[in-house]
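**Q** First the structure, which I've put down as structure tokens, then a few questions once you've had a look.
The values are calculated or read from the model by the stated rules, or taken from the named source; none is laboratory data. For clarity, every value in this text was computed on a predicted model and none was experimentally measured. Cβ sites come from the backbone with ideal geometry, for glycine too, and all protein chains shown count toward neighbours.
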Amino acid sequence: MVFKFYSNPFSQITKGFSKGLFVVGLLLIGFGTLVWVLKEVFAFVAAAIFMLAGAACCINAGRLYFSSRKSYQNNDDISAGRSDNVRIHSEPRQ
């Protein structure tokens with residue numbers, strides 16, 4: 001179980017956007033398949049456009065989701081938040 005002391009707002013926004021984009025992609029694929037099955041009612045070209053747009057949405061959603069996971073995993077280092085060239089000096093209390 002991972003306990004986070006802080007949240008990355010950009011990562012959360014990206015994950016939410018990718019989830020919504022994935023749902024839109026699945027809906028477009030579903031509409032495209034429905035149009036393809038009902039060829040008499042709809043044009044075959046519209047079905048291809050829906051299916052391609054849905055596949056593109058799903059692919060982009062996956063890319064966004066996995067890129068946000070990679071950026072989060074890179075921040076899990078032990079030295080996260082520290083820089084090698086920064087030193088903190090404190091004067092002793094008197």
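**Q** Restricting attention to the range 44-73, which residues are within 21 Å of Thr14 (Cβ to Cβ) and not small (Gly, Ala, Ser)?
**A** Cys57, Cys58, Ile59, Asn60, Arg63, Leu64, Tyr65, Phe66, Arg69, Lys70, Tyr72, Gln73
**Q** Here's a check for you: in the range 1-22, which residue that is not hydrophobic (A, V, I, L, M, F, W, C) and not in a helix (DSSP H, G or I) is modelled with the highest pLDDT?
**A** Here the answer is Asn8.
**Q** Return the residues of the range 60-94 that are modelled with pLDDT of 75 or more and surrounded by 10 or more Cβ atoms within 10 Å (Cβ to Cβ); say none if nothing qualifies.
**A** Asn60, Ala61, Gly62, Arg63, Leu64, Tyr65, Phe66, Ser67, Ser68, Arg69
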